[in-house]
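First the structure, which I've put down as structure tokens, then a few questions once you've had a look.
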Amino acid sequence: MQDLSIRKTRDLPPAARKAFEAILGRSLRDDEEVGVWASSPHAAPKGRERKDAWQDLNRHLDHMASKASGTQPDELEKLVDDVCDQIRHSRR
């Protein structure tokens, strides 16, 4: 069973694209990718398992960061701040 799915926005069926746009609260560009990760609740790992999970996460984050090559760190920081502000101040 697959727990992670990443798709190009342009390849999404219209209903799925509309659902992602509703969740994100904005329109998606055709050149973007969207992902869904499903996970079951579980106890936090301990010991070696925790260290391995941390290393896996760092490798994944490095991979994601490589896709933003050419973008200045301060631009990424501003984007993160803008999104956090938008989420904090949006009506739910």
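Nearest 20 debye, what's the magnitude of the dipole of segment 1-90 about its Cα centre given +1 on Lys and Arg Cβ and -1 on Asp and Glu Cβ? It would help to have the intermediate numbers written out before the result.
Details: 15 positive and 17 negative charges, 75 e Å.
Dipole about the Cα centre, nearest 20: 360 debye.
In addition: Of all GluC sites (Glu not before Pro) in segment 1-53, which ones are in loop regions per DSSP and have a Cβ with at most 15 other Cβ atoms within 10 Å? Present the calculation step by step, with values, prior to reporting the outcome.
Working: sites: 21, 32, 33, 49; in loops: 32.
Passing sites in segment 1-53 are 32.
What length, rounded to one decimal in nm, is gained on full extension from residue 58 through to residue 3, with 0.36 nm per residue of separation minus their alpha-carbon distance?
On the way: separation 55, 0.36 × 55 = 19.80 nm, distance 1.86 nm.
Here the answer is 17.9 nm.
Sticking with this structure for a sec: Based on other C-beta atoms within 10 Å, arrange 71, 9 from fewest to most. Kindly include the intermediate steps, with their values, before the conclusion.
Working: 71 11, 9 17.
Fewest-to-most Cβ neighbours within 10 Å comes out as 71, 9.
Can I ask one more? Averaging over every viewing direction, what projected area does the convex hull of the Cα atoms of the chain cover, in nm²? Let's see the in-between values first.
Numbers: hull surface 34.3 nm².
With the hull built on Cα positions only, its mean projection is 8.6 nm².
Further question: Testing the spin-label approximation: label points 7 Å from Cα along Cα→Cβ at residue 24 and residue 72. State their distance in nm.
The two pseudo-label positions are separated by 2.4 nm.
So, one more: For the chain, what is the calculated [θ] at 222 nm in deg cm²/dmol (nearest 500), taking -39500 (n - 2.57) for each run of four or more DSSP H residues and dividing by its residue count?
On the way: 3 runs with 48 residues, N = 92.
Dividing the helical sum by the residues of the chain leaves -17500 deg cm²/dmol.
What are the ³J(HN,Hα) values, in whole Hz, obtained from phi via the Karplus relation 6.51 cos²θ - 1.76 cosθ + 1.60 with θ = phi - 60°, for each residue of segment 56-69 in sequence order, with x given for Gly and Pro?
With the stated coefficients, segment 56-69 comes to 4, 4, 4, 5, 5, 5, 4, 4, 4, 5, 5, 6, 9, 4 Hz.
Coordinate-derived values only; no laboratory data. Quick caveat, the model's predicted, so the values are computed rather than measured. Quick reminder, even Gly has a Cβ in these numbers, built from the backbone with ideal geometry, and neighbours come from all protein chains shown.
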